[in-house]
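Scroll down for the structure; my scribbles are underneath it.
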Amino acid sequence: MLVADTSAFVSLAVGDVLRVVVAEFEVVTTETVLDELRETAEYDDRHGDAAGRALELIEEIDVRSVVDESEGIITSRIDEGEASCVAIARETGAEFLITDDYRALPELRAAVDARVALSPIVLRALVKRDALSEDEARAAFETIAEQRDWLEAPIHRYTRELFE
Amino acid sequence: MSTKRVNFRLPEELVEQADVAAEVTHKDRTEILIEALRRYLAEIEDDEEFREAVVELYLDGTVGFDTLAEIVGRQDAEAVRASKELLDDGETLADDLADL
């Protein structure tokens with residue numbers, strides 16, 4: 001089981017691989033993330049389009065409500081959606097928490113027992129499962145990695161080594 | 001603040017200008033140079049391209065975490081360090097994820 005936050009859904013949908021991800025894995029998320037996807041889908045940009053495509057797959061995703069809200073910690077780096085993912089990861093004992101929020105990464109890693117991974121790692125796993133070819137994974141990664149800010153751009157270049 | 005002696009050569013006209021500035025402001029040449037360098041570093045550290053380049057230097061192992069943190073701030077430095085750790089372990093993580 002893997003828990004995905006809003007940034008992970010948007011990235012994987014931008015890369016046009018979310019359908020493969022939900023076919024290959026048991027994907028769990030929260031109602032808070034669902035709300036964030038609906039809000040994002042209202043924007044007329046690539047992230048908005050991606051959130052809309054993610055919502056089309058919602059039947060394939062296990063959307064849960066958090067039993068104990070106090071389990072999710074909201075900080076300056078962990079937003080409400082991520083906090084709900086922390087809570088659901090703890091409640092379900094999920095093996096992985098997938099996020100593409102680099103800035104929240106240190107706090108998310110400290111908050112859950114689950115292993116935290118980024119969307120490029122999911123792409124690598126799909127290649128290992130023969131669900132994607134190397135070329136498809138690389139193309140998806142490059143599409144996801146477009147339009148990064150100053151902090152993410154060098155991390156993206158470093159991530160590219162995974163696909164070489 | 002501890003100091004360190006360094007040797008470098010400056011163009012003569014810069015030294016002359018620095019000495020004039022020192023005379024006018026009642027400081028010595030060293031104080032003028034320190035202040036100028038501080039201002040320059042503060043300005044360049046606000047520049048995103050510069051910060052991005054420092055992140056690159058950290059990722060390729062040229063500079064350490066403390067240097068990164070001084071320039072981009074501790075929280076962003078921790079984000080970069082966590083990303084690096086995770087990506088360095090990327091193949092193992094992907095293997096384990098693939099086995100789910």
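The values are calculated or read from the model by the stated rules, or taken from the named source; none is laboratory data. All of these numbers come straight from a predicted model, not from anything done at the bench. Heads up, the Cβs are rebuilt from the backbone with ideal geometry, glycines too, and the neighbour counts pull from every protein chain shown.
Could you look through segment A:147-164, keep only residues that are in a helix (DSSP H, G or I) and facing another protein chain (nearest Cβ under 7 Å), and pick out the one that is surrounded by the fewest Cβ atoms within 10 Å (Cβ to Cβ)? First the steps, then the outcome.
Here is the first cut: in segment A:147-164, the ones in a helix (DSSP H, G or I) are A:152-163.
From what is left, the residues that are facing another protein chain (nearest Cβ under 7 Å) are A:153-155, A:158-159, A:162.
Values: A:A153: 17, A:P154: 22, A:I155: 25, A:Y158: 20, A:T159: 24, A:L162: 20.
If we take residues in segment A:147-164 being in a helix (DSSP H, G or I) and facing another protein chain (nearest Cβ under 7 Å), then A:A153 is surrounded by the fewest Cβ atoms within 10 Å (Cβ to Cβ).
Quick one: is B:I71 over 16 Å from the mean Cα position of the chain (by Cα), surrounded by 14 or more Cβ atoms within 10 Å (Cβ to Cβ) and more than 10 Å from chain A (Cβ to nearest Cβ)? Judged against the criteria, B:I71 is not a match. If you take the residues of segment A:117-146 that are in a loop (DSSP other than H, G, I, E, B) and within 17 Å of the chain's Cα centre (by Cα), which of them is modelled with the lowest pLDDT? It comes out as A:E146. If only residues of segment B:54-68 that are facing chain A (nearest Cβ under 7 Å) and in contact (Cβ under 8 Å) with a residue 24 or more places away in the chain are counted, the one that is nearest to A:L118 (Cα to Cα) is B:L59.
Please indicate, with yes or no, whether at least one residue in segment B:85-97 is part of a helix (DSSP H, G or I), away from chain A (no Cβ under 14 Å) and modelled with pLDDT of 90 or more. No, the conditions are met nowhere in segment B:85-97.
The criterion of at least 2 residues that are more than 14 Å from the chain's Cα centre (by Cα) and at pLDDT 95 or above is met by the following helices (runs of 4 or more DSSP H) wholly inside segment A:1-79: A:18-24, A:31-41, A:46-56. Against the definition (more than 14 Å from chain A (Cβ to nearest Cβ) and modelled with pLDDT under 95), how does B:R51 come out, yes or no? Taking the combined requirement at face value, the residue does not satisfy it. Test each condition in (1) within 19 Å of A:R46 (Cβ to Cβ); (2) within 9 Å of another protein chain (Cβ to nearest Cβ); (3) of a type outside the set (D, E, K, R) for A:L105 and report the one that comes out false. That leaves (1) as the condition not met. In segment A:94-116, of all residues being without any contact (Cβ under 8 Å) to a residue 40 or more places away in the chain and not in a helix (DSSP H, G or I), the one that is nearest to A:D16 (Cα to Cα) corresponds to A:V116. Residues in segment A:11-54 that are in contact with a Gly (Cβ under 6 Å, 6 or more places away or on another chain) and surrounded by fewer than 21 Cβ atoms within 10 Å (Cβ to Cβ): 1 in all. State yes or no: is B:R5 more than 9 Å from chain A (Cβ to nearest Cβ), closer than 30 Å to A:S119 by Cα and either touching a Ser or Thr at 6+ places or on another chain (Cβ under 6 Å) or of a type in the set (K, R) (or both)? Against the criterion (more than 9 Å from chain A (Cβ to nearest Cβ), closer than 30 Å to A:S119 by Cα and either touching a Ser or Thr at 6+ places or on another chain (Cβ under 6 Å) or of a type in the set (K, R) (or both)), B:R5 does not qualify. When the residues of segment A:63-82 are filtered to those that are under 20 Å from A:L105 (Cα atoms) and in contact (Cβ under 8 Å) with a residue 24 or more places away in the chain, the one that is surrounded by the fewest Cβ atoms within 10 Å (Cβ to Cβ) is A:T75.
Each residue in segment A:140-164 was checked for being of a type in the set (A, V, I, L, M, F, W, C) and free of Cβ contacts under 8 Å to residues at least 40 places away in the same chain, and 3 of them qualify. Is it true that A:A139 is surrounded by 15 or more Cβ atoms within 10 Å (Cβ to Cβ) and farther than 16 Å from B:D95 by Cα? Yes: the conditions hold for A:A139.
A search for C-beta distances below 9 Å between a residue of segment B:1-29 that is acidic (D, E) and any residue that is not in a loop (DSSP other than H, G, I, E, B), counting only pairs 6+ apart in sequence or on different chains, returns B:D19/B:R29; B:D19/B:I32; B:D28/B:A22.
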